[in-house]
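The values are calculated or read from the model by the stated rules, or taken from the named source; none is laboratory data. In this text the structure is predicted, and so the values were computed from the model without any measurement. Note that each Cβ is placed from the backbone with ideal geometry, even for glycine, and that neighbours are counted across all protein chains shown. Calculation scope for accessible area: heavy atoms of the full protein, side chains included, ligands and nucleic acids excluded. Shrake-Rupley method; radii C 1.70, N 1.55, O 1.52, S 1.80 Å.
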Amino acid sequence: ARLFATWVVQAGGKVRGDLSAATREAPGGDEAEASAFGGGDGALDMWPLRLIDLEDIEQFTAVHVLLRRLPSVVSHYLSRIVFPAVMRHRGLKLSASAQELGSAMVFPRRLGFSGTPSE
């Protein structure tokens with residue numbers, strides 16, 4: 001919840017009901033976006049993380065619009081969600097030498113294989 005509040009402040013908003021020092025000095029945001037999210041003082045007014053319902057399209061869209069281009073959010077998402085899922089270390093690795101690839105173990109019939117590039 002603290003990380004979320006920090007991101008909201010970095011994006012130019014403030015968390016509703018949060019009186020901590022991190023959100024008191026929120027930089028001003030776009031007035032048109034502020035009015036769309038209920039903030040009249042220039043800062044985007046965001047719900048506390050514990051109250052955000054991911055099934056509510058209005059709330060989810062508001063969070064997405066506020067945080068989608070924030071570098072620290074993108075970095076966190078990539079390093080904690082995407083990269084660990086995609087770059088998992090495999091316990092078993094397949095490897096073969098050129099001799100093994102050219103042998104009858106892999107293919108019973110072959111036309112020719114030297115293991116070196118042809119010129």
*Output the qualifying pairs, or none if there are none: Cβ atoms under 8 angstrom, residues six or more apart or on different chains, first residue in region 75-94 and touching a residue at least 60 places away in the same chain (Cβ under 8 Å), second residue surrounded by 10 or more Cβ atoms within 10 Å (Cβ to Cβ).*
HIS76/LEU3
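Looking at the structure I just gave you, is GLN99 outside any loop (DSSP other than H, G, I, E, B) and open to solvent by 100 Å² or more (accessible area, probe 1.4 Å)? Even if it seems obvious, please write down each step before you answer.
Numbers: outside any loop (DSSP other than H, G, I, E, B): yes; open to solvent by 100 Å² or more (accessible area, probe 1.4 Å): yes.
Considered against the rule, which asks whether it is outside any loop (DSSP other than H, G, I, E, B) and open to solvent by 100 Å² or more (accessible area, probe 1.4 Å), GLN99 comes out as yes.
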_Hits in region 57-73 - residues which are without any contact (Cβ under 8 Å) to a residue 12 or more places away in the chain and surrounded by 13 or more Cβ atoms within 10 Å (Cβ to Cβ)_ = PHE60
*Tally time: how many residues in region 73-100 are over 30 Å from GLY12 (Cα atoms) and not aliphatic (A, V, I, L, M)?*
9
